[in-house]
Amino acid sequence: TMTIHSEEHIVDVHVRSGVYSSDTIFDYTHGYIATRLFSRNACFIMKIQKEIIPDLEEIGRLAFERETMRDVYSPNNVWARFQAGSSRLGHFKDWILYGKYIENLCTGLPLYE
């Protein structure tokens, strides 16, 4: 499911698929995306790259198109691959940088950037 909070410039994406379940926050105000993978008990954070990641209005349009035209192929899928590396727990300065929505999603979990 996807929820778009236009006034807060936030998109929540919840994927419920057993071991592949995840929650993702697109925080356009702070310019970061965070994905919490439940199977790995970890949070992956990346900076929004405007040339790759659709803006808030475009995500809403794509979500509407996908809902109304489920069988149509779209080349606008966005995939991210995270490289395993060192992790750390978030600190106060991280939450100022990433914002409160990502803090709520990732507090207490190892962070991978």
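The values are calculated or read from the model by the stated rules, or taken from the named source; none is laboratory data. The structure presented is a predicted model; accordingly, all values stated were derived computationally and were not measured. Because the Cβ atoms are built from the backbone with ideal geometry, glycine has one as well, and the counts that use them run over all protein chains shown.
Quick notes
- For region 5-21, a residue qualifies if it is closer than 15 Å to residue 34 by Cβ and of a type in the set (A, V, I, L, M, F, W, C), and the qualifying residues are 10, 11, 13, 15.
Yes or no, residue by residue, for (1) surrounded by fewer than 19 Cβ atoms within 10 Å (Cβ to Cβ); (2) closer than 15 Å to residue 104 by Cβ:
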| residue | (1), (2) |
| --- | --- |
| 5 | yes, yes |
| 12 | yes, yes |
| 15 | yes, no |
| 21 | yes, no |
| 25 | no, yes |
| 35 | no, yes |
| 38 | yes, no |
| 41 | yes, no |
| 44 | no, no |
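- Residue 16 of a type in the set (Lys, Arg) and either within 12 Å of the chain's Cα centre (by Cα) or modelled with pLDDT of 80 or more (or both): yes
- The number of residues in region 31-47 that are of a type outside the set (A, V, I, L, M, F, W, C), at pLDDT 85 or above and in contact with a helix residue (DSSP H, G or I) (Cβ under 6 Å, 6 or more places away or on another chain) comes to 2.
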